[in-house]
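Participant: Have a look at the structure that comes next, please.
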Amino acid sequence: MSRYGCSARPGPARTPGLSSAAPDLSTARGHGGMGGIGNTGRRWSRATPATRRFRNDGSAEPFTPDLPEEVAERLPPIEVVRVPENRGNTHARALGAARAATRFILSVDADIRFPAHWLAVCLPAAARPGVGMAGTAIRPRTGDDLLSRYLELTYTLNRGASGSVPFLPGGAWLARRDAFEAVGGFSGYEERYGQDAYLSRRLRENGYLLWAVDGVEAFEVRRIGRLQMVRRGWRWQGHHMKAALDEGRPLDEVLNVVLYSMRERMLRSRAADPRLLYFDLLYALHALLDTVAHASARTEGQAGQTGGDGARATLRHAAAAFLAPWPQLCTALCADLAELGHAPLPTDLAAAPPFDLAAALSFAVGADELAAVCGGLGEVLG
């Protein structure tokens with residue numbers, strides 16, 4: 001596996017430097033990857049990076065820019081920085097930013113594309129007094145199948161945001177280099193993921209504004225599968241839910257927060273196309289089961305602590321009872337849950353479940369919606 005990133009050499013003070021961390025090499029090549037960013041650059045208007053520095057983490061075959069000569073002549077100089085192993089997004093972004101020497105640092109993931117005027121629109125926002133970093137909404141754009149529509153509906157980051165915001169997504173942002181360096185950048189953060197939230201919080205805590213620019217968007221073009229979508233979404237949310245358990249919050253409280261967090265997205269799916277609710281159900285079941293598994297692991301071996309195991313049995317029984325009237329849906333969801341690491345649901349449902357999952361989800365999911373999901377399973381799973 002390998003990752004690419006890029007950063008800037010010194011250039012005119014008014015011209016931003018460029019740094020980036022990117023997805024796995026196989027994914028990047030499938031979508032043009034860094035070459036796609038290179039081709040995007042020829043369309044930039046009014047503002048272009050001084051230098052592009054691509055960072056290549058541990059790939060068997062080093063990245064080589066492959067651009068038509070007439071395009072390469074119009075682009076800033078390109079430098080490839082190669083390191084022997086993949087150390088994740090945080091290290092990639094930190095390395096790129098450390099080598100930038102211009103007034104701004106532009107960080108762009110290799111699966112991000114944006115229109116020609118994106119940089120020119122964001123530059124004035126990043127230069128505003130008190131602003132440490134600027135960015136835009138990032139919208140998935142991978143096709144018109146059901147999963148692609150769901151990704152765009154649910155995972156468009158900073159949708160409709162304008163002005164000061166608490167968070168800017170890491171796919172594409174433009175930071176003032178003096179602000180980035182003043183707060184220490186990514187120093188002290190060792191996790192492979194979540195560095196965008198860390199940097200956003202660090203800038204805010206030091207008095208800098210994060211500025212969302214409306215009227216222009218960036219687009220994520222990498223196509224991911226539904227299991228990867230669930231893992232990626234729960235990686236961020238699950239971290240906070242498990243931290244709450246570790247801090248002593250009651251399990252039922254945390255589970256209620258998980259369910260409540262699903263409300264808006266499930267209502268949005270139902271309004272757009274009830275078949276999209278399959279992805280919500282998969283995410284919700286994975287999130288709930290993973291939460292109780294974490295609670296059970298925390299209490300394992302502790303005298304008198306059985307809440308986690310009891311909750312896990314209750315939830316598994318409730319999920320099986322909820323899906324029992326819909327065998328096709330149950331088969332599909334159980335197969336996906338198995339791929340996500342969960343054991344098969346129980347089949348002995350003689351006793352009524354102590355927790356009514358159908359009632360808990362009734363705000364968005366009823367018999368009509370489940371029938372629509374079952375009727376569209378071929379397209380959902382295709």
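Participant: Pop the C-beta distance of R192 and A101 into the FRET formula with R0 = 30 Å and round what comes out to the nearest 0.05. Don't skip to the answer; put the middle values down first.
Facilitator: Details: r = 26 Å, r/R0 = 0.88.
The value I calculate is 0.70.
Participant: Taking the Cβ of P346 as the center, what net charge do the other residues with Cβ under 12 Å away carry, scoring Lys and Arg +1 and Asp and Glu -1?
Facilitator: On the way: positive: R312, R316; negative: D348.
Result for the neighbourhood of P346: +1.
Participant: Let me ask you something else. Which Cα, out of N86, L168, A125, lies furthest along the positive dipole direction of the stretch 83-193 (beta carbon charges, K/R +1, D/E -1)?
Facilitator: The residue sitting farthest along the positive end of the dipole is A125.
Participant: Modelling each spin label as a point 7 Å along the Cα-to-Cβ direction, I'd like the E73/A244 distance in nm, to one decimal.
Facilitator: 6.0
Participant: Net charge around V254, counting only other residues with Cβ within less than 14 Å of its Cβ (Lys, Arg = +1; Asp, Glu = -1)? Each step should come with its number before you reach the end.
Facilitator: Values: positive: K242, R249, R298, R312; negative: D246, E247, D252, E253, D290.
Around V254, the surrounding residues sum to -1.
Participant: Oh, and also: Within the set of other residues whose C-beta is less than 12 Å from the C-beta of A321, count the net charge using Lys and Arg as +1 and Asp and Glu as -1.
Facilitator: On the way: positive: R316; negative: D348, D356.
Spelling it out: positives minus negatives among the neighbours equals -1.
Participant: Additional query: Between A358 and A338, what length in nm is gained on full extension when 0.36 nm per residue of separation is reduced by their alpha carbon distance?
Facilitator: Details: separation 20, 0.36 × 20 = 7.20 nm, distance 2.14 nm.
Between A358 and A338, full extension yields 5.1 nm more.
Participant: To the nearest Å, what is the center-to-center distance of the stretch 354-382 and the stretch 306-353, using C-alpha atoms only?
Facilitator: Result: 14 Å between the Cα centres.
Participant: Can you tell me how much longer the chain between T347 and R268 gets when fully stretched, taken as 0.36 nm per residue apart minus their C-alpha distance, in nm with one decimal?
Facilitator: Working: separation 79, 0.36 × 79 = 28.44 nm, distance 3.19 nm.
Here the segment from T347 to R268 would lengthen by 25.2 nm.
Participant: Still on this structure, I have one more. Please name whichever of L281, H240, L349 sits farthest to the positive end of the charge dipole of the stretch 226-381, dipole taken about the Cα centre and charges placed at Cβ: Lys and Arg +1, Asp and Glu -1.
Facilitator: H240
Bear in mind that the values in this text are calculations on the coordinates, not laboratory data. Only a predicted model underlies this, so the values are computations on that prediction, with no experimental measurement involved. Note that each Cβ is placed from the backbone with ideal geometry, even for glycine, and that neighbours are counted across all protein chains shown.
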